[in-house]
Amino acid sequence: MTSFAHDFPFDPAYGLTLDDLSRIPAPAAPEDFAAFWKARHDEARAVDTAPEAGPVEEERDGVRLHGVTYTSVGGVRIGGWLALPVEGEVEHGFVVGHGYGGRQGAGPDVPLPLSRSAAILPCVRGMGSRSRLPGVPDEAAGHVLHGIGSRDTYVIGDCVADLWCAASALQELLPRLAGPGRLGYLGESFGGGLGALALPWDDRFGAAQLTVPTFGNHPLRLTLPCDGSGESVRAHHRQYPEVTEVLRYFDAATAAMSLELPTLVAAALFDPAVPPPGQFAVHNALAGHRELMVLRAGHFAYEGLAEEGAELTRRRERFFGAWL
């Protein structure tokens, strides 16, 4: 069990050891869980994404970063960044999800895990500097509740579709990346949870990394205090307990039971924003080849963070080098 000095009014390790965390299961899926997500995926794949890349905005870490926009479900125009290698032909492609802080730029998601890679780094609807949407809150506590009254209106489902449409846009811009298993996925926190929901239904992806993924094991998450978006959902649940029926369809651990592509999970023992039991529930449920890197902490600054981050970078490069 990892412990740090902190001033949170709760224990971000929740009194659990690594052995405890390794046994946390995923909730059972609703009977029509797969049918629901496959229908959402079919809808997203039918979208004409009409991607448009702008001029170079920045060059670093072996890539040139362009602004990019594309169309997602509901006709919503999504913005973000397109990374293209400075030298050489594109050999690999990535879709990169972001955390619930949004995305103001490509930031630490560049450099990419493999050389000669291209990537699309979208801001999902309502979030970041390029996909704000009237009526959709752009801060986590409000965004995570938007449309939560129904599985068909919940914004998280549309954000998953934004990732599928990002993959379509990347392959349209770079046809050499078209085909099954050609793309990798990277997602941290919010982006990790969205990735777990998106990946089981899309054969264009060949491998994925999920770092401190959120949305794992909602029934358990509703019992655990935190200072992330989950606390907003907990407060809403106290007033509207029937929301549990909607959340069943957006459980990253439940989805992971159908996720068969190779997946590297970095899960934390101590995390005030995304409770570790939910993170490990995602890893434990994975149906295919899985690798785990245990982090001392997530969403928390601590001595040794840089060294642990460097080790995760090395693990990521080896992992994608083996599977893409």
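Taking label points 7 Å from Cα along the Cα-to-Cβ direction, Arg60 and Asp19 give a separation of 4.5 nm. Considering only Ala169, Pro200, Gly179, the residue lying farthest towards the positive end of the dipole of the range 157-209 is Gly179, judged by Cα position with unit charges set on Cβ. For Ala235 and Val86, a Förster radius of 41 Å and the Cβ-Cβ distance give a FRET efficiency of 0.30, rounded to the nearest 0.05.
Calculated on the Cα set of the range 73-211, radius of gyration then Dmax: 14.4, 48 Å. Between Asp138 and Asp42, how high is the FRET efficiency from 1/(1 + (r/R0)^6) when r is the Cβ-Cβ distance and R₀ = 30 Å? Nearest 0.05. Rounded to the nearest 0.05, the efficiency is 0.55. Share of Cα-Cα pairs in the range 156-312 beyond 20 Å, in percent? Considering the range 156-312, 49 percent of its Cα-Cα pairs are separated by more than 20 Å.
How long are the semi-axes of the equivalent ellipsoid of the range 18-323, taking √(5λ) for every eigenvalue λ of the Cα gyration tensor, in whole Å from largest down? Mind dumping the intermediate values first?
Values: eigenvalues 150, 101, 67 Å².
The answer is 27, 22, 18 Å, longest axis first.
Once each of the GluC sites (Glu not before Pro) sitting in a DSSP loop with at most 15 other beta-carbon atoms within 10 Å is removed, the chain keeps 140-259 as its longest stretch.
Using the Cα gyration tensor of the range 14-131, with a ≥ b ≥ c the square roots of its eigenvalues, what is the shape: rounded (a/c below 1.5), prolate (a/b larger than b/c) or oblate (neither)? Oblate.
Approximating the spin labels as points 7 Å out from Cα along Cα→Cβ, the Arg116-to-Asp203 distance works out to 2.6 nm.
Length gained on full extension, Ala301 to Thr223: 25.6 nm, using 0.36 nm per residue less the C-alpha separation. Pair-distance distribution of the range 234-324: all C-alpha pairs, bin width 5 Å, starting at 0; shares per bin in whole percent are 3, 12, 18, 18, 20, 14, 9, 5, 2, 0.
Here the range 18-323 is assigned +1 on the Cβ of each Lys and Arg and -1 on the Cβ of each Asp and Glu. Its dipole about the Cα centre then comes out at about 160 debye.
The gain in end-to-end length when the Ala5 to Ala322 segment is fully stretched comes to 110.3 nm, 0.36 nm per residue minus the alpha carbon separation. How large is log10 I(q)/I(0) at q = 0.21, 0.24 Å⁻¹ when the Debye formula is applied to the Cα atoms of the range 181-228, each weighted equally and without solvent? For the requested q values the scattering log ratios are -0.71, -0.84.
Here, each number is a calculation from the coordinates, and none is a lab measurement. All values reported here derive from a predicted model rather than from experimental measurement. Methodologically, a virtual Cβ is constructed for each residue, glycine included, from the backbone with ideal geometry; neighbour enumeration extends over all protein chains shown.
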